[in-house]
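Q: One structure, as structure tokens, below. Some questions next.
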Amino acid sequence: MMNKILFAISICMYFVSLGANAALQISGYGSLIAGKTFGTVNDPLSPGQKRDEILTADFYDVGQYDNDITIKAESILALQGTYKFNEKFSFTAQLVAKGVDDFEPEFDWYYLTYKAKDDLTFMFGRRNIPMYYFSEYSEVGYAYPWMRPPSNLYWWQVTQFDGINAMYNFDIGELSSTITAFYGNEYSNDNVEMLYYDRLYGGSAQTVNEFWTDILGMNWNISGDNFDLRFVYFQNDRDRETIQQDGSIDPYTPFSQSFVGFGGTIWLENFTFLFDMNYVEYDDDLGTEFPTYLASVVYNWGDVKPYIVYSKADHERSKVPTEALEEHYVLSVGVRYDIMSNIALKLQYDNFVDQGDEPTGWAYHGDAKAISFGIDFVF
């Protein structure tokens, strides 16, 4: 594993050396995070048996902590290069090496930017779906106070798409405003999260392919002297292929979904307040709904920033009322220390409480208490 880390670092250094070209701008970020859980719990899917507590720090990549300390769950190294062809056109690519992938480098983002006017920009290619307040930099640990955005809010099995973004900037009085419209598709073959859930429930699928198509939406960002707010709405169609070992594909009924989100940051004296609220609704026979939210307070004491964050996720069915399905919350406390202008140390304690219905198997996460320590940096 160390050889792979050194290989990823050497690639970064090589591209940084290319940055001497005035048309090529190189930047990057990384996190080295170690963590573990503390005890054992009754295995909710195997009555009568015990297992380690498991904290899923990253649902999309299934980065998890158990009783054995690891640096692989969340550690990441990324390099971004932007080549400017002229005043209007540029191309950006992002190379990422993640611990959960044994630090194998791969390109996560690649897109062409066309600046039509000073206030109008188009981007064509692969980027994150702008579904959350922190979606644009959800993996850039230095960009937010916590160790990570709460994982039970940022938990969907698809986070990226191939498509087009159109951004229009304008002012409303003294407020800055940006409206972004986006459209695209994501064909997530070999989806890690969905295969994990298949195995968790005793399945033996060869692979799971997740398809989000006709992703169409918009977000509106508005900011002033002491606040920054963001509203998002999008809808898309969903389909899935669960391919068994013999090549057969499980039956699956496609459906559409809608996503509404509202998040922001408010700065008041020495305090920073952050929040993000999302509501997802499926157009399926059950009327599936997922209301989720986070709320956080940070105290800014010079370079030291202690914080607390609470996030809650629920699973409901409007057409088939059910008392308890999947439900959980995470209460985290921690501290960030900015040791340099581009480097931060963080220490965080997480308490994940699974409130799902255990008799019907919806408490499959299980309770977990975890500690993590890390360093975030940008360059």
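The values are calculated or read from the model by the stated rules, or taken from the named source; none is laboratory data. It should be emphasised that the depicted structure is a prediction, and the values quoted were computed from it without experimental measurement. Note: ideal-geometry Cβ built from the backbone for every residue, glycine included; neighbour counts use all protein chains shown. Note: areas computed on protein heavy atoms with side chains; ligands, DNA, RNA excluded. Shrake-Rupley method; radii C 1.70, N 1.55, O 1.52, S 1.80 Å.
Q: When residue 312 is evaluated against the numbered criteria (1) surrounded by 15 or more Cβ atoms within 10 Å (Cβ to Cβ); (2) more than 16 Å from residue 58 (Cα to Cα); (3) touching an Asp or Glu at 6+ places or on another chain (Cβ under 9 Å), which criterion, by number, is the only one it fails?
A: Residue 312 satisfies every listed condition except (2).
Q: Moving on to the next point. Pairs under 7 Å by beta carbon, first residue more than 12 Å from residue 240 (Cβ to Cβ) and surrounded by fewer than 17 Cβ atoms within 10 Å (Cβ to Cβ) in the stretch 176-197, partner among the aliphatic types (A, V, I, L, M) and at pLDDT below 95, six or more apart or different chains?
A: Filtered contacts from the stretch 176-197: no entries.
Q: To continue, here is another question. Out of 101, 119, I need the residue that is over 14 Å from the mean Cα position of the chain (by Cα) and closer than 17 Å to residue 221 by Cβ. Which one?
A: Only one candidate passes the filter, namely 119.
Q: Of all residues in the stretch 122-151, how many are open to solvent by 20 Å² or more (accessible area, probe 1.4 Å), in contact (Cβ under 8 Å) with a residue 40 or more places away in the chain and over 16 Å from the mean Cα position of the chain (by Cα)?
A: 2
Q: A follow-up question, please. Looking only at the stretch 227-265, filter to residues that are exposed (fewer than 14 other Cβ atoms within 10 Å of the Cβ) and of a type outside the set (S, T, N, Q); which one of those is nearest to residue 187 (Cα to Cα)?
A: My answer is 254.
Q: Given the conditions (1) in contact with a Phe, Trp or Tyr (Cβ under 6 Å, 6 or more places away or on another chain); (2) closer than 21 Å to residue 290 by Cα; (3) among the small types (Gly, Ala, Ser), and given that residue 256 satisfies all but one, which numbered condition is not satisfied?
A: Evaluating residue 256 over (1) in contact with a Phe, Trp or Tyr (Cβ under 6 Å, 6 or more places away or on another chain); (2) closer than 21 Å to residue 290 by Cα; (3) among the small types (Gly, Ala, Ser) leaves (1) as the failure.
Q: Taking into account only those residues within the stretch 270-287 that are in a strand (DSSP E or B) and touching a Ser or Thr at 6+ places or on another chain (Cβ under 6 Å), which is most open to solvent (accessible area, probe 1.4 Å)?
A: Within the stretch 270-287, the match that is most open to solvent (accessible area, probe 1.4 Å) is 281.
Q: Now a separate question. Please state which one of 95, 112 is of a type in the set (A, V, I, L, M) and surrounded by 19 or more Cβ atoms within 10 Å (Cβ to Cβ).
A: Just a single option satisfies the conditions, and that option is 95.
Q: Of the conditions (1) open to solvent by less than 20 Å² (accessible area, probe 1.4 Å); (2) modelled with pLDDT of 95 or more; (3) more than 30 Å from residue 363 (Cβ to Cβ), residue 32 satisfies every one except a single condition; which number is it?
A: If we test residue 32 against (1) open to solvent by less than 20 Å² (accessible area, probe 1.4 Å); (2) modelled with pLDDT of 95 or more; (3) more than 30 Å from residue 363 (Cβ to Cβ), just (1) comes out false.
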